[in-house]
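In what follows, a single structure is set out as structure tokens and then discussed.
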Amino acid sequence: MSFELPALPYAYDALAPHIDAQTMEIHHSKHHNGYTTNLNAAIKGTPLEGQSIEDILTTLDLDNKAVRNNGGGFYNHRLFWEIMSPDGGGAPSGKLAAAIDEAFGNFEDFKSAFSKAAATQFGSGWAWLCVHPGGKVAVCASANQDNPLMPGIGCGGTPILGIDVWEHAYYLNYQNRRPDYINAFFNVINWNKVEALYEAGI
Ligand code: MN3
């Protein structure tokens, strides 16, 4: 029983012009595929083999670099594909919208906080919107393929939205203009999915 690269829920060119087809194809078929293959190799024959990715990450020994990097990479990209859609954009509604308003004041201030976390993450990493027990939401960022499920990385909760700010996620189309990529990402956020993850994580 090993982890499998999940199929994208849309075509490689579906998110263009916000995220271009070549970036999506390389990102999914090379990068995500590599994390998946390397995760399987790292857990093979160990007590982690057969566990869910969530269980592996929430009990992770941060010194286990192979599982930290590749388990994080497997989980992070799987979430990333799901929370984007060619029909995305706009703003959340319902309980998630209320939680965002409570935490940030309004959607625009949330967008600013999330965008700042993504823009100022030094080097490779991710920015996240997480839900905490009781339903509060918060923004944080993590380095490399770390994510909020991992204990002790200084960014916690259950991730319901994440943006990959590794250069491989945007450099072909945006070069060094990470803020332009972050702005474009908001045009493809699948808020229906993020809301469902919020409801499941309350
Ligand atoms: Mn990536």
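The values are calculated or read from the model by the stated rules, or taken from the named source; none is laboratory data. This structure is a prediction, so every number in the text was calculated from the model and none was measured. Counting neighbours? That spans all protein chains shown, and the Cβs are built from the backbone with ideal geometry, glycine included. All accessible areas refer to the heavy atoms of the entire protein, side chains included, with ligands and DNA or RNA removed. Shrake-Rupley method; radii C 1.70, N 1.55, O 1.52, S 1.80 Å.
The condition of being of a type in the set (Lys, Arg), more than 16 Å from the ligand (Cβ to nearest atom) and open to solvent by less than 60 Å² (accessible area, probe 1.4 Å) does not hold for Lys136. May I ask you to list the residues in the stretch 15-48 that are hydrophobic (A, V, I, L, M, F, W, C), closer than 27 Å to Gly88 by Cα and open to solvent by 30 Å² or more (accessible area, probe 1.4 Å)? Matches in the stretch 15-48: Ala16, Ala21, Ile26. Considering the stretch 72-86, the residues that are not hydroxyl-bearing (Ser, Thr, Tyr) and not in a helix (DSSP H, G or I) include one that is surrounded by the fewest Cβ atoms within 10 Å (Cβ to Cβ), namely Pro86. Flag: Arg68 matches the condition of being part of a helix (DSSP H, G or I), among the basic types (Lys, Arg), within 16 Å of the ligand (Cβ to nearest atom) and in contact with an Asp or Glu (Cβ under 9 Å, 6 or more places away or on another chain).
Within the stretch 160-202, the set of residues being modelled with pLDDT under 95 and open to solvent by less than 70 Å² (accessible area, probe 1.4 Å) comprises just one member, Gly201. How many residues does the stretch 87-102 hold that are open to solvent by 40 Å² or more (accessible area, probe 1.4 Å) and within 21 Å of Asn183 (Cβ to Cβ)? Result for the stretch 87-102: 3. Listed by first and then second residue, the pairs with beta-carbon distance under 9 Å, at least 6 apart or on different chains, first residue in the stretch 74-92 and within 14 Å of the ligand (Cβ to nearest atom), second open to solvent by less than 20 Å² (accessible area, probe 1.4 Å) and among the charged types (D, E, K, R), are Asn76/Asp146; Asn76/Asp164; His77/Asp164; Phe80/Asp164. Scanning the stretch 49-65 for residues that are in a helix (DSSP H, G or I), surrounded by 12 or more Cβ atoms within 10 Å (Cβ to Cβ), free of Cβ contacts under 8 Å to residues at least 40 places away in the same chain and not acidic (Asp, Glu) gives a single hit, Ile56. Condition check: in a strand (DSSP E or B), within 20 Å of Gly72 (Cα to Cα), open to solvent by less than 60 Å² (accessible area, probe 1.4 Å) and at pLDDT 95 or above. Does Gly123 satisfy that? Spelling it out, it is not the case that Gly123 is in a strand (DSSP E or B), within 20 Å of Gly72 (Cα to Cα), open to solvent by less than 60 Å² (accessible area, probe 1.4 Å) and at pLDDT 95 or above. Of the helices (runs of 4 or more DSSP H) entirely within the stretch 147-202, those holding at least 3 residues that are within 16 Å of the ligand (Cβ to nearest atom) occupy 171-174, 178-185.
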